[in-house]
Amino acid sequence: MRGKGSSHGAGTIVNAIATGKGAAFGVDLRTEAEVELDSTGEIQVTIEGFQGEDTLLAERCVRNVLDKLAKREGYGAKVTTRSQIPISRGLKSSSAAANAIVLATLDALRIRLDPLRAVRIGTKSAIEAKVSVTGAFDDACASLLGGVVLTDNRRERIVKRDSLPPGLKVLIHVPELQVRKQGLPLERIRAVAPAAEAAFERARKGRYAEAMLINSLAYTSSLGLSMDATYRALSKGAYAAGLSGTGPATVILVKEEGLGDMEALFDPKEIIVADVFDDSEDSS
């Protein structure tokens with residue numbers, strides 16, 4: 001019994017850690033998963049290209065699907081993932097992996113599930129694996145559904161869906177530094193809750209560029225990260241720019257005709273260019 005699943009990366013508009021409310025948009029960088037169920041009772045995980053990474057998230061995703069939906073006990077699985085998304089840079093690699101693995105396990109079981117139910121299995125797994133503070137419901141929805149998604153993460157409820165203006169490309173500045181969720185200064189992050197709330201209200205009104213800037217100012221300060229890439233991009237006419245997740249990556253939205261000039265601002269080894277991922281049919 002074999003199954004496949006895939007999901008995408010996402011960029012932050014408003015980080016949900018401080019207030020429980022977040023916003024994100026889909027980015028067309030893909031994570032794919034394959035799951036082969038067997039009768040061993042054990043789960044073996046291969047993360048292609050990232051040997052040595054913790055596999056607990058993948059194990060929890062498979063086990064939570066099996067515990068919830070598989071009638072037969074004693075299942076094991078071989079899990080293989082491959083991804084275009086750099087790990088621990090704020091680009092939702094964990095949300096994309098969780099979505100893809102949950103979908104692949106469901107596919108192996110020949111079960112079709114409502115997308116938000118599948119997302120919630122992944123967010124539960126992310127909290128259990130300690131790769132997310134809130135479960136990252138906003139990130140998980142954006143990476144699976146595409147477009148702009150605003151959510152209440154504590155209630156796991158979508159507040160709003162929307163689309164970014166047409167004709168935008170995503171340029172991502174990706175430093176070598178990795179930021180792990182286990183070491184976050186949560187007291188400092190929660191201290192910026194008023195700014196995060198203001199950013200969320202801007203996003204609710206569709207003022208995404210303002211929301212990203214306010215969010216970035218708040219979170220880079222609390223995390224001790226740099227705003228340099230954001231300032232450089234905005235000074236050269238980017239539609240929007242800001243810290244993604246807990247960083248250190250900066251996501252920059254730029255009109256396609258200005259992409260070349262924007263790329264010239266950065267070391268070619270530290271940038272990724274992608275399309276906006278928007279598979280949403282209903283932007284209400």
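The values are calculated or read from the model by the stated rules, or taken from the named source; none is laboratory data. Computed from a prediction, not measured in an experiment: that's the story for all the values here. Virtual Cβ from ideal backbone geometry, glycine too; neighbours counted across all protein chains shown.
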Looking at (1) surrounded by fewer than 15 Cβ atoms within 10 Å (Cβ to Cβ); (2) over 23 Å from GLY22 (Cα atoms), which is the one condition that is false for LYS255? (1)
Is segment 110-117 home to any residue that is farther than 23 Å from GLY20 by Cβ, out of contact with any strand residue (DSSP E or B) (no Cβ under 7 Å at 6 or more places or on another chain) and basic (Lys, Arg)? yes
Any residue at all in segment 65-85 that is of a type in the set (Lys, Arg), at pLDDT below 90, over 21 Å from the mean Cα position of the chain (by Cα) and assigned by TED's automatic domain parsing to the domain that holds ASP139? yes
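Does ASP275 fit the bill of being among the charged types (D, E, K, R) and at pLDDT 95 or above? Quick ask: steps written out before the conclusion?
Numbers: among the charged types (D, E, K, R): yes; at pLDDT 95 or above: yes.
It is true that ASP275 is among the charged types (D, E, K, R) and at pLDDT 95 or above.
With SER88, SER95 as the choices, which residue is within 13 Å of the chain's Cα centre (by Cα) and surrounded by fewer than 24 Cβ atoms within 10 Å (Cβ to Cβ)? Explain how you work it out, then say what you get.
Values: SER95 fails: surrounded by fewer than 24 Cβ atoms within 10 Å (Cβ to Cβ).
Just a single option satisfies the conditions, and that option is SER88.
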Matching residues in segment 207-227 - criterion: being part of a loop (DSSP other than H, G, I, E, B) and either farther than 19 Å from ASP162 by Cβ or small (Gly, Ala, Ser) (or both): GLY224, LEU225, SER226, MET227
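Picking from GLU48, GLU53, which residue would you name as being free of Cβ contacts under 8 Å to residues at least 40 places away in the same chain and closer than 27 Å to SER222 by Cα? Step through it out loud before you land on a result.
Details: GLU48 fails: closer than 27 Å to SER222 by Cα.
Only one candidate passes the filter, namely GLU53.
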Which count do you get for residues in segment 114-126 that are free of Cβ contacts under 8 Å to residues at least 40 places away in the same chain and crowded, with 18+ Cβ neighbours inside 10 Å? 4
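Taking the conditions exactly as written (buried (at least 24 other Cβ atoms within 10 Å of the Cβ), in contact with a Leu (Cβ under 7 Å, 6 or more places away or on another chain) and under 20 Å from LYS124 (Cα atoms)), does ALA33 satisfy them or not? Can you show your working first?
Numbers: buried (at least 24 other Cβ atoms within 10 Å of the Cβ): yes; in contact with a Leu (Cβ under 7 Å, 6 or more places away or on another chain): no; under 20 Å from LYS124 (Cα atoms): yes.
Spelling it out, it is not the case that ALA33 is buried (at least 24 other Cβ atoms within 10 Å of the Cβ), in contact with a Leu (Cβ under 7 Å, 6 or more places away or on another chain) and under 20 Å from LYS124 (Cα atoms).
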Output yes when any residue across segment 171-193 is farther than 17 Å from THR12 by Cβ, over 20 Å from the mean Cα position of the chain (by Cα) and hydrophobic (A, V, I, L, M, F, W, C), and no when none is. yes
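Yes or no: CYS61 closer than 22 Å to ASP275 by Cα and at pLDDT 95 or above? So that I can check it myself, show each step before the final result.
Numbers: closer than 22 Å to ASP275 by Cα: no; at pLDDT 95 or above: yes.
No.
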